[in-house]
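To start, the structure itself, in structure tokens.
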Amino acid sequence: MARSRPTPPPPPPTAPLAAELLSGPAAFFERLRQVPPLPWRYALPPVLAALLGGVVYALLLRPVVGATAEGAAAFASYAVNVFGTFFLTVVGAALMTGLGHLGAGREGRAPEVYGVSFVLLPPLYLALTVLLLVSGTDVAVTSADALSQRELLVGAMQGSLARVTVLLLLLAPLAQFFLAYRGFLTLTGDRRRALLGTLLPLLPVLAVTALGLAPLLAAW
């Protein structure tokens with residue numbers, strides 16, 4: 001009688017790709033729960049979101065820069081606007097990670113949960129970038145050389161696209177916190193810790209986001 005071959009062991013579970021979060025948060029975090037923690041596993045989405053967010057912000061201020069600077073000075077203004085938003089986004093991500101860890105504990109794996117939540121933002125920012133690029137610049141703003149900085153900002157915010165963009169930039173973190181709660185609840189199995197991991201960084205991150213958008217919000 002032939003001896004049956006032993007059944008090979010099943011392959012070890014692998015961490016889901018960040019983009020898989022978009023197809024189903026519940027299944028994503030359940031798969032993540034089965035693999036060992038790795039704090040920098042989803043470090044790329046925050047960096048990409050921070051860079052694209054800076055591009056969107058720079059495009060929002062394009063009419064103001066176009067009316068006040070040209071050549072190297074204009075390039076420097078765009079670079080400062082991109083870097084400023086990039087920096088504040090990184091600060092926001094650090095607040096999410098630190099305060100989320102404080103609330104949800106080690107089992108909550110806040111660096112991974114909040115890191116992967118940023119995967120929501122690049123598609124949104126890319127769409128806004130395209131819309132802002134093809135929308136052109138407000139002629140009334142660019143031709144008014146004598147206007148003050150405040151008046152230029154008010155002019156830049158007159159278009160409905162600019163206002164919708166600022167509103168989306170301000171509210172986008174709320175979607176991240178919704179996903180973070182789902183992640184913490186799956187990973188810890190504790191509703192209280194899931195709420196703490198979500199709510200502790202909520203107001204500080206929204207404050208940092210509002211700070212970055214303050215010039216445009218004030219000109220609404």
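Could you give the DSSP H helices of the chain that reach 18 angstrom or more along their long axis (alpha carbon positions) and whose average Kyte-Doolittle hydropathy is no lower than 1.6?
44-60, 121-135
Compute the separation of the alpha-carbon centres of the range 79-128 and the range 155-194 and state it in Å as a whole number.
11 Å
For A43 and V154, calculate 0.36 nm times their separation in residues minus their Cα-Cα distance, and state this gained length in nm to one decimal.
36.3 nm
Can you compute the helix-only [θ] at 222 nm over the chain? Use -39500 (n - 2.57) per DSSP H run of at least 4 residues, normalise by all residues, nearest 500 deg cm²/dmol.
-22500 deg cm²/dmol
What FRET efficiency do you get for L131 and L211 if R0 is 25 Å and r is their Cβ-Cβ distance, rounded to the nearest 0.05?
So, using R0 = 25 Å, E works out to roughly 0.55.
At 0.36 nm per residue, and after removing the present C-alpha to C-alpha distance, how many nm does the segment from L171 to A76 gain when stretched out fully?
31.4 nm
Run the quick spin-label model on W220 and A26: label points 7 Å from Cα toward the beta carbon, then report their separation in nm to one decimal.
3.5 nm
Every number here is computed from the coordinates shown, using simple stated rules; none is lab data. Predicted, not measured: the structure shown is a model, and the values here were computed from it. All Cβ positions, glycine included, derive from the backbone under ideal geometry; neighbour counts span all protein chains shown.
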